[in-house]
1. Roughly speaking, what is the stretch gain from E479 to W337, that is 0.36 nm per residue apart minus the C-alpha to C-alpha distance, in nm to one decimal?
2. Cysteines without a disulfide-compatible partner in the chain, using Cβ under 4.7 Å as the rule?
3. May I ask you to list the aspartates and glutamates whose Cα is less than 18 Å away from that of K56, ignoring any residue fewer than eight positions away on the same chain?
4. I need the calculated FRET efficiency for the pair E532 and D96, taking r as the beta carbon distance and R₀ as 51 Å, to the nearest 0.05.
5. In whole angstrom, note down how far apart the Cα centers of the stretch 321-394 and the stretch 286-310 are.
6. What order do you get for I330, I295, I171, I419 when you list them from fewest to most C-beta neighbours inside 10 Å?
7. For a footprinting-style exposure proxy, rank H472, H366 by other Cβ within 10 Å, fewest first.
8. Give the Kirkwood hydrodynamic radius (Å, one decimal) of the chain, defined as one over the mean of 1/r across all pairs of different Cα atoms.
Amino acid sequence: MAVTASRQRWLKRAALLAILLLALWLRLDGVGFGLPALNDPDEALFVTTALEMLEKQSLNPGWFGHPGTTTLYSIALVIAGVAGIGIATGRYADADALAAAVYADPGILFLPARLMIVACGLLCVWLTWRLGKRLGGVRVGLVAAAVLAVNPVHIEYSQIIRTDVQASVFILLGALAALTVAERGRRRDYLIAGLCAGLACATKWPAAAVGVTALCAWAGRRAEGDRDWRGPLWLMAAAALTLIVVSPYLLLDHATVAQNLSGEARPLHPGATGEGFFGNLGWYAAGPLLSSLGIAGLALAVLGTVWGAGNARRWTIVILPFGLLFLAMISGQSLRWERWIVPLLPFAAIAVARALCGLADLLPAHPMRGAVQPLALGLLLLPMIGTARSEATERRHDTRQIASAWLRAHAPAGSSILIEHAAFDLLGAPFALRFPMGSAGCVEVRDLLAGRVSNSKVDRTRGGGAVVDVGHVAMARIESCRADYAVVTNHLRYRADPAAYRGELARYDRLLANGRLRFSAKAVPGDSSGPEVQVIELAPLQ
């Protein structure tokens, strides 16, 4: 019997290792997508902000939209590591040489920073195993980890420099701490739960909601007869102190915090404007949840919220309230983004595992009973793996890079090109590139890079606009955008809702009037991704 028990332990460890290796492989697959071009504008925001902090030798990020403090500090450490290794090995003479190289090839810093996010994604898978194990045993933990390991949406955002996956790490740690509160209820347990909530909030504002798990654990203990009333005080004190220590400039630079929060609270965004609470709730269910879990997975997740294997009381009292609260919070926003569902995906994976393991336990005794659950899990995971692989292929072939390839092949040398995205892949081409910068009009890209573009400069010129594009260039400066070709990525997004974006469309109409569409790059499912990009040969100024 001892040998059998030992063998089972090793089999479980091997299964966990296999899941983690699969998760790592899927998250590394295509992690360099787009580079040296930057397809996600927020990646540039995070890296340039961290780089600016290092250049100024300041701990003040100067931007608190998410607030993103822990992510910015992590990126700064990554940049410092790249700089230290590069200078020590003689690849770069000094920090200025590194900065010059980065503005020519952003991948030097962006790829290591993405790998840091990959590490956070892998940590999420491991923490999901830990949380599932505590809620329902090793079997539930392994199934939950496997589901998250192959989740296409989680994989995608584990490859992008953003706060969502790192916030998920602290949320999962907070949930684990809350289970300890439910089991023991010591002062240190509340303090650790508060620490996790403070770190989560310092990463992404809504992630502070993970503190609800510890509060629910405290309430559950009170219902069982525990007379402690100070637990919530320790929790909130630890969370507030952690937030201030980790991100002191939330207080020291409160004027910038207020400005950034007002910008983040905009009611409209092209392609992301919500449709009210129930419309958004339906969109999340039929969109990112369905696409990442599949029909069977989503059905199991719904079932697992109310029934399944494991400790139903701990799940229902401690974990489920947070999941429902977080879903309600994002559904109640004016905007809706696929990435906002990312922190819920580990809990959805645990719900799937609870339901799948619970259904397996209902099977009658049979020699083949032990094979049914692995077979069912395989049938559930294979379509998810296929979707993840297909989406990785699509990210490698983005419409913006397809448009760049067309320009290199067809635009005459010396042409002036207006671009709306960070097309660093065109810097080596014989073109004069221009980029829209709000109140500054359209500026020469090489002049902009020579001046070391900063996030603060972009913020000043964009004037609170949701994005940096032609639609937000001052009308008086719109002719500064005139070039031989315009590569527009946002025009059609505004065109889809003309009533809401009259001002933006007026700018496009003026610039693109009498222009000739030369090329259009559209995403093809299974092959390419990205917005529809149009290359328009502009009419000369009359």
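1. Contour length minus Cα-Cα distance gives 47.8 nm.
2. C120, C124, C196, C201, C216, C357
3. D94, D96, D253, D459
4. 0.80
5. Here the answer is 5 Å between Cα centres.
6. Ranking I330, I295, I171, I419 by Cβ neighbours within 10 Å, fewest first, gives I295, I330, I419, I171.
7. Lowest count first: H366, H472.
8. 25.0
None of the figures in this text is laboratory data; all of them are computed from the coordinates on show. What you see is a predicted model, and the numbers here were worked out from it, not measured in a lab. Please note: Cβ atoms are built from the backbone with ideal geometry, for glycine as well, and neighbour counts cover all protein chains shown.
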